Amino acid sequence: MILIDCPNCGERNVAEFRFGGEYNPRPQNPDDPASDAAWVDYLYLKENKLGVQKEWWYHRAGCGLWFLAERHTKSHAVEKTYFWEAAK
Amino acid sequence: MSLKLLKQGLNGSKSLTPMWREQPIKDRYDVVIIGGGVHGLATAYYLAKNHGITDVAILEKRYIGRGGSGRNTTIVRSNYLTPEGILFYDESLKLYEDLSQDFDFNIMFSQRGHLTLAHTDASLRTMRWRAEVNQLQGVDSRVISPDEIKELVPFMDLSDHPRFPVMGALYHPPGGVVRHDAVVWGYAHGADKRGVHIHQLTEVTGIDVEQNKVVAVQTNRGRIKTGTVVNATAGWCTLIADMAGVKLPVETRPLQAAVSEPLKPFLDTVIVSGTLHFYLSQSDRGEIVTGASVDPYTSYSMDATLGFAEGLAGHILELFPSLGKVRLMRQWAGLCDMTPDYSPIMGFTPVEGFLVDVGWGTYGFKTGPVSGKRMAELIATNRTPDLIAPFKYDRFFEGRLVGEKGAASVGR
Ligand SMILES: Cc1cc2nc3c(=O)[nH]c(=O)nc-3n(C[C@H](O)[C@H](O)[C@H](O)COP(=O)(O)OP(=O)(O)OC[C@H]3O[C@@H](n4cnc5c(N)ncnc54)[C@H](O)[C@@H]3O)c2cc1C
Ligand SMILES: [Zn+2]
């Protein structure tokens, strides 16, 4: 069982959360035509890493907040969790 | 065949020959296929059989059939939603119908019929839509009422007691199940017989690209020169594509399945419920073979989870309360390469000589034959066959996604 440490509520069973996909920031200049490839990358292409992945989680059966986690995609060990503001 | 079996039985199987041989590894092949699943093996088989291309190696990290090809729940059907999807899946189903003959080896294809249950008005509507598109493409598929379902599956609770009562079903008579190991071994045997080399315990660790062209692959057994590499590694495909510098729209998710202890025969169709998230069939040995949706987060782990077994059992009991005392015997997981439009990615990539046959998600066992046949054609002619053109890698850059989610997300 994976335990996830919600930065607001503390450690809970993964069943309380919804996975939100790997962290992938939006292209910075959405109107720049040169950013088409960046949008394809943002929308579809994935790192799909084997290793520690930075990813979104949503505490749906708890505080209802989105946050980031660094989780190993094979051992499932969650190394860190934090709010997006703290990631900047 | 049966006389041969009897003889083998009496002489202690002494004269049995292996289905494929271990060959010395060469330092150069015309075509190198990475991944010894049904897709890689079928591609090699049709390269040799249909096009006479036999200087081909399959490189498999562990043993053939170790991936999804040996872990799936063996459902074959062609009642998909999009016209391009239906044509493609139907060619595979037709190939499966002839495969035992083709191999001279029984793959035990049982076309017992496939039922997708509707529990809501919305899903009934999608099924009518699917039935119409299916019929237009000549696929035997129709919506049936609960009375007709009762005839086919008398054990299922069709009353209004379940939380989501059954309102109808999409019935697809030619759908069914196949023995997956037999398909893997049949392709391996046929490819080996025609000169293809199957190298197990051979892991690809790098791909050498020069001036945007593939020139070799690196393995734990040395460097192998080649101009054509096929990535057929399903759940691991991103790791291989990374080696060639190609980024894929793929997310790896585990898909779990389970079998029960053997029961007397009571179920002779495949049952799928999208709303309750489960599907089941009964194997020739009497076990209930069952599964659900992919795990709710990305992962490269093939461990089974208790949460999955609990959820699955609860859903099955909604419709089959009589199975309450039946014990689960085994549970396992395989890795699935999920794409955003629930459709595969086949053919050329921006790197010359680096081909992909990936994105098989939870539905790629049934497409082994057609993918192998068409990827072989693509390699032999250096041009994309029309049937698989909708699934090209470039579609993500052109905004031409295929949109098969409605028919592929739970039904397998
Ligand atoms: C539980 C479960 C149930 C399913 N049920 C169905 C079903 O009912 N119907 C259906 O149509 N589909 C089903 N599927 C999906 C189907 O099994 C897969 O889509 C299909 O088997 C993929 O085949 P493949 O040949 O592409 O890959 P795989 O069979 O996964 O083979 C990939 C191979 O690549 C090898 N490999 C990985 N990395 C390397 C490397 N670096 N070097 C060399 N080799 C490497 C792996 O060892 C593996 O053997 C199911 C899947 C699962 C997990
Ligand atoms: Zn919380």
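The values are calculated or read from the model by the stated rules, or taken from the named source; none is laboratory data. All figures in this text were calculated on a predicted structure; none of them were measured in a lab. Reconstructed Cβ throughout: ideal geometry from the backbone, glycine too, with neighbour counts over all protein chains shown. To get the accessible areas, we keep the full protein, side chains included, count just its heavy atoms, and leave off ligands, DNA and RNA. Shrake-Rupley method; radii C 1.70, N 1.55, O 1.52, S 1.80 Å.
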Check your understanding: What area, in nm² and to one decimal, does the C-alpha convex hull of chain B cast on average over all directions?
Key -> 20.5
Review point. At what distance in nm do the modelled label points of B:ALA389 and B:SER322 sit from each other, each positioned 7 Å from its Cα along Cα→Cβ?
Key: 5.1
Check your understanding: Going through region B:54-126, which trypsin sites (Lys or Arg not before Pro) have at most 12 other Cβ atoms within 10 Å and a DSSP loop state?
Key -> B:ARG62
Check your understanding: All other residues with a Cβ under 14 Å from the Cβ of B:THR82 taken together, and with Lys, Arg as +1 and Asp, Glu as -1, what is their net charge?
Key -> -1
Check your understanding: Which residues of region A:1-32 show a drop of at least 30 Å² in accessible area when all protein chains are present, compared with their chain alone (probe radius 1.4 Å, heavy atoms only, ligands and nucleic acids excluded)?
Key -> A:PHE19
Check your understanding: Within region A:46-88, which chymotrypsin sites (Phe, Trp or Tyr not before Pro) sit in a loop by DSSP and count at most 14 neighbouring Cβ atoms inside 10 Å?
Key -> A:PHE83
Exercise for review: Using the heavy atoms of the protein chains and a 1.4 angstrom probe, tell me the accessible area per residue for chain B in square angstrom.
Suggested key: 41
**Study point:** Average beta-carbon neighbours from other chains, 10 Å sphere, peptide B:289-300
**Key:** 4
Study note, to complete from the structure: The alpha-carbon center of region B:278-313 and that of region B:20-51 are separated, in whole Å, by 31
Study note, to complete from the structure: Filtered hits (lysines, Cα-Cα < 20 Å from B:LYS94, offset >= 8 within chain) -> B:LYS49, B:LYS366, B:LYS373
Practice item. Any chance you could check the Cα centroid distance between region B:97-176 and region B:195-238 for me, in angstrom? Key: 40
Review point. Ignoring ligands, DNA and RNA, what percent of the accessible area of region B:301-412 is carbon or sulfur (1.4 Å)?
Key: 51
Review point. If B:VAL230, B:VAL215 are ordered by their accessible area, calculated over protein heavy atoms with a 1.4 Å probe, which sequence runs from highest to lowest?
Key: B:VAL215, B:VAL230
Check your understanding: Quick one: Karplus J couplings for region B:115-132, per residue in order, coefficients 6.51, -1.76, 1.60, θ = phi - 60°, nearest Hz, x for Gly and Pro?
Key -> 10, 9, 7, 10, 10, 9, 4, 4, 6, 4, 5, 4, 5, 4, 4, 4, 4, 5
Practice item. Could you tell me what percent of the accessible area of region B:1-121 is made up of carbon and sulfur, with a 1.4 Å probe and every protein chain present? Key: 53
Point to revise | Check: the protein assembly as shown dipole with +1 on Lys, Arg Cβ and -1 on Asp, Glu Cβ, in debye | key: 1220
Review point. Based on Cα positions only, what radius of gyration and what Dmax would you give for the protein assembly as shown, in angstroms?
Key: 23.2, 77
Study note, to complete from the structure: Per DSSP, the loop-located trypsin sites (Lys or Arg not before Pro) within region B:310-369 having at most 11 other beta carbons within 10 Å are B:LYS325, B:ARG327
Study note, to complete from the structure: Label model pair B:SER145, B:GLN200: point-to-point distance (7 angstrom along the Cα→beta-carbon line) in nm is 5.4
Check your understanding: Taking every residue in B:399-407, how many Cβ atoms of other protein chains lie within 10 Å of its Cβ, on average?
Key -> 1
**Study point:** Under Karplus coefficients 6.51, -1.76 and 1.60, residue-wise ³J(HN,Hα) of region B:253-258 in Hz, glycine/proline x
**Key:** 10, x, 10, 9, 8, 8
Review point. Rounded to the nearest 0.05, what FRET efficiency is calculated for A:ASP32 and B:ASP303 with R0 set to 41 Å and r the Cβ-Cβ distance?
Key: 0.40
**Study point:** Probe 1.4 Å, accessible area per residue of region A:3-87, Å²
**Key:** 57
Exercise for review: Please give the residues from region B:218-250 for which the solvent-accessible area of heavy atoms, probe 1.4 Å, is smaller by at least 50 Å² with all protein chains in place than with the chain isolated.
Suggested key: B:LYS247
Revision key, fill the gap. With a 1.4 Å probe and ligands and nucleic acids left out, the total accessible area lost when B pairs with A, in Å² to the nearest 100, equals 1700
Practice item. With an 8 Å cut-off on Cα pairs and a minimum separation of 6 or more residues, tell me the relative contact order of chain B in percent. Key: 23
Point to revise | Charged-residue dipole, Cβ positions (Lys, Arg, Asp, Glu), region A:3-87 about Cα centre, Debye nearest 20 | key: 360
Point to revise | Accessible carbon and sulfur surface of region A:3-87 relative to its total accessible area, %, 1.4 Å | key: 48
**Study point:** Inter-chain shielding of B:328-340 (mean C-beta neighbours from other protein chains, 10 Å cut-off)
**Key:** 1
Review point. So for region A:3-87, taking the charge dipole from beta-carbon charges (+1 Lys/Arg, -1 Asp/Glu), which of A:GLY20, A:ALA37, A:TRP84 sits furthest toward the positive end?
Key: A:GLY20
